[in-house]
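Let me begin by presenting the structure, written as structure tokens, before commenting on it.
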Amino acid sequence: MEQKKVLITGGAGDIATAARFLFEKEGYIVHAPSKSELSVDGHPFDIDKYIANYGSFNILINAAGYIRPVKFKDGKVLEFKRHFLINTTGAYNCIYSVISANPSAIIINIGSSAGTNPRKEWTGYCASKAALISMTACLADEGYKIVCVSPGRTNTKMRRRLVGQEDASTLLSPLEVGQKIFDIATGVEQVKWGDNIQMKK
């Protein structure tokens with residue numbers, strides 16, 4: 001039986017690392033390219049070239065993300081756009097290329113509770129994650145196997161950079177989020193395609 005292949009963007013992130021560990025443990029072939037190997041904020045042909053080099057994938061996990069909190073009056077349009085370029089357009093480009101090569105691929109977008117719970121100074125992040133959640137539902141309506149997993153507060157490097165140290169017992173762990181991703185992608189947990197699956201401690 002041919003081994004299934006998984007592509008995880010944002011490979012250096014804690015959630016991506018946890019998901020990679022779980023898939024590899026079960027014998028999946030996992031590609032978790034670094035930013036230098038696959039830039040999701042670059043030209044859409046970047047992902048096409050990657051697939052041309054490595055072949056089609058059975059599962060795509062869009063875990064790459066970007067956030068830079070800023071007060072609205074201090075913000076810049078280009079900075080706002082960068083949130084969409086990575087969190088939304090980058091995910092779209094990856095989905096398009098993976099589906100073009102394998103229409104039956106399973107897609108898991110990593111959203112955020114911020115996509116449905118606005119927070120001051122997070123305008124770009126919240127808006128781009130809300131768009132990702134909506135895009136997921138739209139593509140499911142077209143018949144694709146796609147779902148969004150939206151974790152709440154998670155003990156990642158990104159969160160520690162933003163808010164400092166917190167009581168880890170009050171946070172989701174990257175492994176908990178990775179397990180949810182693995183269970184959905186492998187059919188252990190049955191879901192309705194297009195749903196936004198929210199996680200919290």
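Cross-link partners of LYS76 among aspartates and glutamates, defined as those whose alpha carbon lies under 17 angstrom from its own and excluding same-chain residues fewer than eight positions apart: GLU121. Distance from the Cα centroid of the stretch 55-103 to that of the stretch 125-148 is 12 Å (rounded to whole angstrom). Placing +1 on the Cβ of every Lys and Arg and -1 on the Cβ of every Asp and Glu, with nothing else charged, gives the stretch 2-62 a dipole about its Cα centre of roughly 100 debye.
Would you mind calculating the gained length between ILE29 and THR170 on full extension (0.36 nm times residue separation, minus the Cα-Cα distance), in nm to one decimal?
Details: separation 141, 0.36 × 141 = 50.76 nm, distance 3.30 nm.
So the chain would gain 47.5 nm between ILE29 and THR170.
Could you size up the charge dipole of the stretch 1-129 around its Cα centre, putting +1 on the beta carbon of Lys and Arg and -1 on that of Asp and Glu, and report it in debye to the nearest 20? It would help to have the intermediate numbers written out before the result.
Numbers: 15 positive and 11 negative charges, 108 e Å.
Dipole size: approximately 520 debye.
Couplings 3J(HN,Hα) of the stretch 69-76, computed from phi: x, 7, 5, 4, 5, 9, x, 10 Hz, in residue order, whole Hz [Karplus 6.51 cos²θ - 1.76 cosθ + 1.60, θ = phi - 60°; x for Gly and Pro]. With each label point set 7 Å from Cα along the Cα-Cβ vector, what nm distance links ASN53 and GLN179? That separation, rounded to one decimal, is 3.5 nm. The phi-based Karplus calculation (6.51 cos²θ - 1.76 cosθ + 1.60; θ = phi - 60°) puts the 3J(HN,Hα) values of the stretch 50-63 at 5, 5, 4, 7, 10, x, 6, 10, 8, 9, 10, 10, 8, 9 Hz, whole numbers, x for Gly and Pro. Please go through the residue pairs LYS25/LYS157; LYS81/LYS200; LYS5/LYS35 and name each one whose alpha carbons sit more than 25 Å apart in this structure. Pairs exceeding 25 Å: LYS81/LYS200. Over the chain, with a single point scatterer placed on each C-alpha, what log10 of the ratio I(q)/I(0) does the Debye formula yield at q = 0.11, 0.16 1/Å? Debye curve over Cα of the chain, log10 I(q)/I(0) at q = 0.11, 0.16 Å⁻¹: -0.47, -1.02.
Using the count of nearby Cβ atoms within 10 Å as a rough guide to exposure, how do THR123, THR170 rank from fewest to most? Let's see the in-between values first.
Details: THR123 17, THR170 9.
Least to most surrounded, the residues fall as THR170, THR123.
Send over the semi-axes of the stretch 103-174's equivalent ellipsoid, whole angstrom and largest first, taken as the square roots of 5 times the C-alpha gyration tensor eigenvalues. Intermediate results must be reported in sequence, preceding the final value.
Details: eigenvalues 143, 45, 14 Å².
So the three semi-axes of the stretch 103-174 are 27, 15, 8 Å.
Measuring max minus min along each principal axis, the C-alpha atoms of the stretch 22-78 give extents of 49, 27, 18 Å (largest first). Listed peptides 85-95, 48-58 appear in the order 85-95, 48-58 once ranked by packing, highest mean of other Cβ atoms within 10 Å at the front. About the centre of its Cα atoms, the stretch 82-189 shows a dipole size close to 460 debye [charges on the beta carbon of Lys, Arg (+1) and Asp, Glu (-1) only; nearest 20 debye].
3J(HN,Hα) along the stretch 180-193, derived from phi through the Karplus expression 6.51 cos²θ - 1.76 cosθ + 1.60 where θ = phi - 60°, amounts to 4, 4, 4, 5, 5, 5, 9, x, 5, 10, 7, 9, 9, 4 Hz, with x in place of Gly and Pro.
In the chain, the DSSP-assigned H stretches of four residues or longer account for a calculated mean residue ellipticity at 222 nm of -12000 deg cm²/dmol, using -39500 (n - 2.57) per stretch and the full residue count as denominator. Ranking LEU78, TRP193, ILE95 by how far each Cα lies toward the positive end of the dipole of the stretch 5-199 (charges on Cβ) leaves LEU78 at the top.
Each value in this text was obtained by applying a stated rule to the coordinates, not by laboratory testing. Not measured: the values here are computed from a predicted model. Ideal geometry is used to build each Cβ from the backbone, glycine not excepted, and the neighbour counts take in all protein chains shown.
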